[in-house]
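Engineer: This is the structure, below, for whatever I ask next.
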Amino acid sequence: MKIISIAAIFVAMLVMMMLGSKIMAFIDVPSLILVFTVCVFAVLARHGLGGFRLLFDAEQNDGVTHTLGYAALLAGLLAFPLAGVSVLSVADSMKFIGPSMAVSMLSPFYGLVIYVCCFFLNPRMKVDSSAAILMLPLSILSIFTFMLITWLIKGA
């Protein structure tokens with residue numbers, strides 16, 4: 001049943017992505033590499049090589065899914081300003097700011113997707129306030145960034 005639930009969530013996300021824009025707009029290889037690398041090394045650091053075997057064992061995956069989920073959230077949160085700075089530093093004109101900011105939003109998106117998968121892999125994992133607290137600065141930063149971009153575009 002877990003596999004069906006996770007598959008249904010991914011299908012729903014894919015449909016929403018295709019309805020909103022091209023599916024390739026949601027793929028950024030550097031962001032994927034950054035988030036997945038942080039997740040892999042977080043699991044290795046906390047649980048060793050055996051941690052990946054425990055990931056799909058429903059009886060023993062509590063610590064691994066917790067580590068993986070929160071590492072993904074933190075990686076997405078940390079990658080947001082990194083991607084924003086690196087992408088905006090090479091943007092020569094105002095017409096590139098919108099797509100550049102869209103790319104910087106992909107790292108937190110990937111982190112949230114991994115967190116949701118961990119939530120469904122571990123039936124004992126609870127959504128607590130620390131996940132919301134982790135994403136709060138990102139939400140505030142995103143709102144101010146979009147306000148700034150809108151102001152710059154209208155003023156230009």
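Engineer: For segment 55-66, name all the residues that are under 16 Å from Leu112 (Cβ atoms) and either touching a His at 6+ places or on another chain (Cβ under 6 Å) or buried (at least 19 other Cβ atoms within 10 Å of the Cβ) (or both).
Structural biologist: The answer is Thr65, and nothing else.
Engineer: Something else: Filter segment 67-106 down to residues that are modelled with pLDDT of 85 or more and exposed (fewer than 14 other Cβ atoms within 10 Å of the Cβ), then give me how many there are.
Structural biologist: Qualifying residue count, segment 67-106: 0.
Engineer: Does segment 31-45 contain any residue that is within 25 Å of Leu148 (Cα to Cα) and either surrounded by 12 or more Cβ atoms within 10 Å (Cβ to Cβ) or modelled with pLDDT under 80 (or both)?
Structural biologist: Scanning segment 31-45 turns up at least one residue that is within 25 Å of Leu148 (Cα to Cα) and either surrounded by 12 or more Cβ atoms within 10 Å (Cβ to Cβ) or modelled with pLDDT under 80 (or both).
The values are calculated or read from the model by the stated rules, or taken from the named source; none is laboratory data. These numbers were taken from a predicted model, which means no experiment stands behind them. Using ideal geometry, Cβ is built from the backbone for each residue, glycine included, and neighbour counts are taken over all protein chains shown.
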